[in-house]
Amino acid sequence: MTSPSISVILPTYNAAEYIVESVESLCAQTLDDFEVIVVDDSSTDETRSLVREHGDERFRIVKRNEKTGGLPGALNRGIRESTAPYIARQDADDRSHPERLADQVAFLEDTPEVALVGSSARLIRSDGSIKDIRRVRSAPTFDDLIEKNRFVHGAVAFRRDVVEEVNGYSEAFEFSEDYDLWLRIAHDYPVRNLDSVRYDLRVHDESIYASELEKVKLYAAFARKRVLNRTDLSTAKIRENIRLVYETFDSNERARFHTEMAQALLRYGEHASARDHARKGLRDTPSDAKLWIFLVLSVTPPRVVNAVIWMTRRIKNARR
């Protein structure tokens, strides 16, 4: 039996509400030659039965009972179980557009030097309606990635041999495991995004994400410091206490951290916390214009802040 062109890794846990939509988006692909590895972290709802009821032989369910490794562990398990030379990601509550897999396989076939390819994404609400579009840079460099994550995790496809070469996802990462992997790949290989929107990313209650935002940013900072060989911290140490990363920051890194925190918290409507981070950042870089803007916005009516965020996003999307 020949191997498929591409394997899709789809981790799940109690995803019954959206899993049928996700599965149907893959069944509707214009490329037929694929397999889907559903890595289920011991769901207690109908997730597994809903996948089985769909009756598509290209879907294989792997029940994972491990208590460690989190999402990175589930993704690594899926990669080990897969058989194709290319690996694609998809989240259980998201949707792939019909041409997605065909376009990504063709791109990787046509550009053998490129290790990873993603795409822009539509942001959709819980009910499936379109909220916005997240545009991503088509040819991000390693330096671009050091600046910020340039990929939508669920929308990527990559070469199996390259990911195995860099030892896959780091299971020490509670958050930002995707960004860490992209940095390690982009350090040695070109990475790209399709010029088109090929994925629907479902956006849920952002207050949940906001509550973990500090950890997300600290794990991302550690990923940058690690790939640049600017830290002596081990993955074991940061897993025990991610706050150790903050203690290694110089003044510029502290300012960057507080700037990112203030900007994101404003987007999530957490104005008091954003104000606190803007003030902390200004202690290190009192002339930083961005931090002063975020400080002013933190005491501005929410409707004005939302308008500024909307306008800024439109300008950034137009430049990409």
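The values are calculated or read from the model by the stated rules, or taken from the named source; none is laboratory data. Here the structure is a predicted model, which means the values were calculated and not measured. Heads up, the Cβs are rebuilt from the backbone with ideal geometry, glycines too, and the neighbour counts pull from every protein chain shown.
Quick notes
- Looking at Val197, Val216, Val203, Val166, just one residue is touching a Ser or Thr at 6+ places or on another chain (Cβ under 7 Å) and farther than 24 Å from Leu31 by Cα, and that residue is Val216.
- Verdict on Arg243 being of a type in the set (Lys, Arg) and surrounded by fewer than 14 Cβ atoms within 10 Å (Cβ to Cβ): yes
- The single residue among Asp91, Asp127 that is assigned by TED's automatic domain parsing to the domain that holds Ala15, in a loop (DSSP other than H, G, I, E, B) and modelled with pLDDT under 95 turns out to be Asp127.
- Out of Leu233, Leu244, sole residue that is assigned to a helix (DSSP H, G or I), among the aliphatic types (A, V, I, L, M) and not assigned by TED's automatic domain parsing to the domain that holds Phe142: Leu244
- Across the stretch 209-218, not a single residue is classified as at pLDDT 95 or above, outside the structural domain of Asp103 (by TED's automatic domain parsing), of a type outside the set (A, V, I, L, M, F, W, C) and assigned to a loop (DSSP other than H, G, I, E, B).
- Qualifying residue in the stretch 225-240 (condition: of a type in the set (A, V, I, L, M), modelled with pLDDT of 95 or more and closer than 30 Å to Asp195 by Cα): yes
- Residues that are over 28 Å from Ser5 (Cα atoms) and of a type in the set (Lys, Arg) within the stretch 119-176 comprise Arg125, Lys131, Lys148, listed in sequence order.
- Exactly one residue out of Ser119, Ser96, Ser129 is out of contact with any Asp or Glu (no Cβ under 6 Å at 6 or more places or on another chain) and surrounded by fewer than 15 Cβ atoms within 10 Å (Cβ to Cβ), and it is Ser129.
- When the stretch 1-17 is filtered for residues that are within 18 Å of Asp32 (Cβ to Cβ) and either modelled with pLDDT of 95 or more or in contact with a Gly (Cβ under 6 Å, 6 or more places away or on another chain) (or both), the ones remaining, listed by number, are Pro4, Ser5, Ile6, Ser7, Val8, Leu10.
- Qualifying residue in the stretch 214-224 (condition: surrounded by fewer than 17 Cβ atoms within 10 Å (Cβ to Cβ) and not acidic (Asp, Glu)): yes
- Per the listing Gly118, Gly73, Gly78, the residue uniquely in contact with a helix residue (DSSP H, G or I) (Cβ under 7 Å, 6 or more places away or on another chain) and outside any loop (DSSP other than H, G, I, E, B) is Gly118.
- Taken together, the residues in the stretch 276-307 that are loosely packed, with under 14 Cβ neighbours inside 10 Å and hydrophobic (A, V, I, L, M, F, W, C) amount to 5.
- Filter result (part of a helix (DSSP H, G or I), crowded, with 18+ Cβ neighbours inside 10 Å and not charged (D, E, K, R)) within the stretch 9-49: Ile19, Ser22, Val23, Ser25, Leu26, Thr47
- Residue that is over 28 Å from Tyr246 (Cβ atoms) and of a type outside the set (Val, Ile, Thr), where the choices are Glu147, Glu164, Glu177, Glu171: Glu164
Yes or no, residue by residue, for (1) assigned by TED's automatic domain parsing to the domain that holds Ser298; (2) at pLDDT 95 or above; (3) under 20 Å from Ser211 (Cα atoms):
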site	(1), (2), (3)
Thr248	yes, yes, no
Arg254	yes, yes, yes
Met261	yes, yes, yes
Leu265	yes, no, yes
Tyr268	yes, no, yes
His271	yes, no, yes
His277	yes, yes, yes
Gly281	yes, yes, yes
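- Test for Ser82: is it of a type in the set (Gly, Ala, Ser), over 20 Å from the mean Cα position of the chain (by Cα), crowded, with 20+ Cβ neighbours inside 10 Å and in the same structural domain as Phe173 (by TED's automatic domain parsing): yes
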